[in-house]
Amino acid sequence: MADCLFCKIAAGEIPSSKIYEDESVYAFSDINPQAPFHAIVIPKEHIASADDINAQNSHLIAKVFEAIAKIAVQENLEDGYRVVTNCGKDAGQTVGHIHFHVLARRYLQWPPG
Ligand code: AMP
Ligand code: ZN
């Protein structure tokens with residue numbers, strides 16, 4: 001999608017620090033990490049937010065979670081991790097391409113603030 005930051009990152013048009021890639025999914029380091037390990041995991045195909053998941057594209061979300069399981073092994077996240085997607089204004093979504101934060105290597109408070 002034109003003018004989408006994460007579409008451009010997935011396409012390699014904007015540089016990023018790659019953590020994982022397959023035909024459907026791209027993962028990279030968050031530029032403003034909130035934990036010692038903070039990855040952003042995205043479907044390469046543009047989906048705006050969790051509101052836009054449907055029967056036609058939900059297989060791409062499954063691919064994202066398959067990738068996260070592989071990333072956890074690759075990055076030795078054996079002590080655990082948190083997966084978060086922010087949807088909309090009140091959740092603080094700032095990029096309009098669905099993305100999953102994977103946070104690890106520190107104790108993560110629950111419930112979040
Ligand atoms: P959210 O606030 O849930 O929409 O998350 C967007 C995330 O993208 C934030 O954690 C940002 O730090 C991160 N981010 C924004 N631009 C970039 C970039 N160019 N490279 C890596 N991460 C980015
Ligand atoms: Zn996009």
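Things to note:
- So Ile53, is it open to solvent by less than 50 Å² (accessible area, probe 1.4 Å) and of a type outside the set (Gly, Ala, Ser): no
- The stretch 25-52 residues that are touching a residue at least 24 places away in the same chain (Cβ under 8 Å), paired with ones that are hydroxyl-bearing (Ser, Thr, Tyr) and within 12 Å of ligand 2 (Cβ to nearest atom) (beta carbon under 6 Å, 6 or more apart): Ile42/Tyr26; Lys44/Tyr26
- Test: residue in the stretch 69-77 that is open to solvent by less than 50 Å² (accessible area, probe 1.4 Å), over 21 Å from Met1 (Cα atoms) and of a type in the set (D, E, K, R): yes
- Among the residues of the stretch 22-42, some residue qualifies, meaning at least one is within 16 Å of ligand 2 (Cβ to nearest atom), of a type in the set (Gly, Ala, Ser) and touching a Pro at 6+ places or on another chain (Cβ under 9 Å).
- Residue selection: Lys63 fails the criterion of being within 16 Å of ligand 2 (Cβ to nearest atom), over 27 Å from Gly113 (Cα atoms), without any contact (Cβ under 8 Å) to a residue 60 or more places away in the chain and open to solvent by less than 70 Å² (accessible area, probe 1.4 Å).
- Annotation: Glu45 fulfils all but one of (1) in contact with a helix residue (DSSP H, G or I) (Cβ under 7 Å, 6 or more places away or on another chain); (2) open to solvent by less than 100 Å² (accessible area, probe 1.4 Å); the unmet one is (2).
- Among the residues of this structure, Ala2 counts as one that is exposed (fewer than 13 other Cβ atoms within 10 Å of the Cβ), modelled with pLDDT under 95, within 12 Å of ligand 2 (Cβ to nearest atom) and not hydroxyl-bearing (Ser, Thr, Tyr).
- Ser29 vs. criteria in contact with a strand residue (DSSP E or B) (Cβ under 7 Å, 6 or more places away or on another chain) and within 24 Å of Tyr107 (Cα to Cα): yes
- On the stretch given as the stretch 17-42, residues that are under 26 Å from Asp90 (Cβ atoms) and open to solvent by 70 Å² or more (accessible area, probe 1.4 Å) total 4.
- Of all residues in the stretch 91-108, those satisfying the criterion of being over 11 Å from Ala35 (Cβ atoms) and either loosely packed, with under 10 Cβ neighbours inside 10 Å or not aromatic (Phe, Trp, Tyr) (or both) are Ala91, Gly92, Gln93, Thr94, Val95, Gly96, His97, Ile98, His99.
The values are calculated or read from the model by the stated rules, or taken from the named source; none is laboratory data. On a predicted model such as this, the values are computed, not experimentally measured, just so you know. Positions of Cβ are generated from backbone atoms using ideal geometry, with glycine treated the same way; all protein chains shown enter the neighbour counts. Quick note on the areas: whole protein, heavy atoms, side chains included, nothing else; ligands and nucleic acids left out. Shrake-Rupley method; radii C 1.70, N 1.55, O 1.52, S 1.80 Å.
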